[in-house]
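Chemist: Handing you a structure now.
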Amino acid sequence: MGIDGDEETATQNPKYLKSKLRFNSPFVQVSLIGLVCFCCPGMFSALSGMGGSGQVDHTAANNANTALYATFAVFGVLSGGIYNILGPHLTLAAGCSTYILYAGSFLYYNHHKHQAFAIVAGALLGVGAGLLWAGQGAIMKSYPPAHRKGVYISLFWSIFNMGGVIGGLIPFVTNYNHSEAASVNDGTYIGFMVFMAAGTALSFAILPPSKVIREDGTRCTHIQYSNVSTEAVETVKLFLNWKMLLIVPAAWSSIFFYTYQFNNVNATLFNLRTRGFNNVFYWGAQMLGSVMMGYLMDFSFESRRKRGIVVVCVVALLGTAIWGGGLANQRRYSINDPLPPLDFKDSGRDFAGPFVLYFSYGLLDAMFQSMVYWVIGALADDSEILSSPPNSHTVNYKEESFGVGRVALRCWYVGFYKGVQSAGAAAAWQVDTQKVSYMSQLIVNWSLTTISYPLLLILVLLAVKDNHKDEEGTAKEADPTSAGTVHT
């Protein structure tokens, strides 16, 4: 299939280069990394969205997720240096294999009710997720042509999010006849494990940059992350950067609300099969939200600063409306006063309102995270570091049209964001374990996101410039998937 990287073959056969279905084309390789993430973090998203990872008692899942995000907070920052040593195949395969272990730990828990295995598996998944997203980030920053990054990011995002949609069908189908409250059956966990194993196998089909050739005959450049110590030091330094400090509330809250939405809305209000049904639409709403934000961030106004202001205001208004609806819904039930579980077939009108609310939570999640990544990308583009020549050991990215310093800085900004985000998630799962009231959790989530909006507006007004020579849509360059959004 021409994957040996023969330069002469590439330059003498234009028809060969024009084929997007070449195995060594950026299109096929980005599609493959999309499928890898479809099978692994996509299925993890669907499993988590069930609430309690499919268990009636959320304690084991909460503790496992705390361990997961605690280790991810560290390895999300340091995994770039590990990628330099292992390369794409081993990095991706090692990361993917931890997803299988995590799903398997809950299959074990279904029979033995020992949460130690789940907690250890969660901690290992935090390491593996860091590795997976480091590999994914390197691929998405180096394989697509510079003028088509937005298209390739959209391709990846669509394939990846379909994992949550299809993953939602697994518990829906395998537990269709179980309308009562119960943990998911063994077949559900086995189904997730089969997909995750397929993702691990697919990771070996990802080619190294030297073997991937674009349509114009150029080879993909090799992203070389900083070494582990540099990544850590530069990320820690950002805690002294006033711009990044203004992002902290948004970073902390960006997946803090998953615990409340998954455990205390989906798992509490709906029966088993309906939770899987809801997840199909929750992750589908994320795809819709990302498309909507893509238009606002890229095409709504010529002025980049004006686009930023509009994006923050739109998300703020929509977020206020959705959390307001969540407040009205939450007033109907509590930990000590639960409602009868709703069923998508049998509950009639009672099902409609909570279902629309849960769908809206998914829509808001994608829009909120896209907004934050747009701001991060804009800050990296306008940073004064771009005027200084980058260190040769930091990033080897010679063929791309935008500066190597910007790539390095973006990695550090995203590393900072991932660290704060994961720390917030680890805290959130423990908040639920301590049986904090549902209303208190909702108020904290709403407050954190609300505080974020004026701070992000200040950043846009003071730190985002209107005129930039490389302004071709920072939303396209600031790949929102390179941090694992959150889907771990």
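Chemist: For the range 221-242, name all the residues that are surrounded by 17 or more Cβ atoms within 10 Å (Cβ to Cβ) and modelled with pLDDT of 70 or more.
Modeler: Result: T230, E234, L238.
Chemist: Quick one: would you say F355 is touching a residue at least 60 places away in the same chain (Cβ under 8 Å) and part of a helix (DSSP H, G or I)? Can you show your working first?
Modeler: Numbers: touching a residue at least 60 places away in the same chain (Cβ under 8 Å): yes; part of a helix (DSSP H, G or I): yes.
Answer is yes for this residue.
Chemist: Is there a residue being open to solvent by less than 20 Å² (accessible area, probe 1.4 Å), under 22 Å from T188 (Cα atoms), in a helix (DSSP H, G or I) and among the polar types (S, T, N, Q) anywhere in the range 105-127?
Modeler: yes
Chemist: So for the range 79-90 (the condition being open to solvent by less than 60 Å² (accessible area, probe 1.4 Å) and without any contact (Cβ under 8 Å) to a residue 40 or more places away in the chain), does at least one residue qualify? Don't jump to the end; show me each part of the working.
Modeler: Step one: list which residues in the range 79-90 are open to solvent by less than 60 Å² (accessible area, probe 1.4 Å), which gives 79-84, 87-88.
Right, trim to without any contact (Cβ under 8 Å) to a residue 40 or more places away in the chain and you get none.
No: zero hits.
Chemist: Related question: I'd like the residue in the range 26-78 that is assigned to a loop (DSSP other than H, G, I, E, B) and among the aliphatic types (A, V, I, L, M) and, out of all such residues, is least open to solvent (accessible area, probe 1.4 Å).
Modeler: We begin by selecting, within the range 26-78, every residue assigned to a loop (DSSP other than H, G, I, E, B); these are 40, 50-51, 55-58.
If we keep only those that are among the aliphatic types (A, V, I, L, M) as well, we get 50, 56.
On the way: M50: 2, V56: 86 Å².
It comes out as M50.
Chemist: With the checklist (1) over 18 Å from the mean Cα position of the chain (by Cα); (2) open to solvent by 10 Å² or more (accessible area, probe 1.4 Å) in hand, flag the one item T98 doesn't pass.
Modeler: Answer for T98: the failing condition is (1).
Chemist: Could you check the range 321-340 and list, in sequence order, the residues that are of a type in the set (G, A, S) and surrounded by fewer than 17 Cβ atoms within 10 Å (Cβ to Cβ)? Explain how you work it out, then say what you get.
Modeler: Restricting attention to the range 321-340, the residues satisfying the condition of being of a type in the set (G, A, S) are 321, 324-326, 328, 334.
Within the range 321-340, A321, G324, G325, A328, S334 qualify.
Chemist: Sticking with this one: If you scan the range 170-220, which residues turn out to be of a type in the set (S, T, Y), assigned to a helix (DSSP H, G or I) and open to solvent by 40 Å² or more (accessible area, probe 1.4 Å)?
Modeler: Narrowing the range 170-220 to residues of a type in the set (S, T, Y): 174, 176, 179, 183, 188-189, 200, 203, 210, 218.
Now restrict to residues that are assigned to a helix (DSSP H, G or I): 174, 188-189, 200, 203, 210.
Within the range 170-220, T174, S210 meet the criteria.
Chemist: Does the range 298-320 contain at least one residue that is surrounded by 23 or more Cβ atoms within 10 Å (Cβ to Cβ), in contact (Cβ under 8 Å) with a residue 24 or more places away in the chain, within 18 Å of S158 (Cβ to Cβ) and in contact with a Gly (Cβ under 9 Å, 6 or more places away or on another chain)?
Modeler: no
Chemist: Working only within the range 429-456, note down all residues that are under 29 Å from I309 (Cα atoms) and open to solvent by less than 50 Å² (accessible area, probe 1.4 Å). Please lay out each step first, then the result.
Modeler: Going through the range 429-456, the residues under 29 Å from I309 (Cα atoms) turn out to be 441-456.
The answer is Q441, L442, N445, L448, T449, S452, Y453, L455, L456.
The values are calculated or read from the model by the stated rules, or taken from the named source; none is laboratory data. Treat the numbers as computed from the prediction; the structure is a model and nothing was measured. Using ideal geometry, Cβ is built from the backbone for each residue, glycine included, and neighbour counts are taken over all protein chains shown. The protein model used for the area step is the full one, side chains on, heavy atoms only, and it has no ligands, DNA or RNA in it. Shrake-Rupley method; radii C 1.70, N 1.55, O 1.52, S 1.80 Å.
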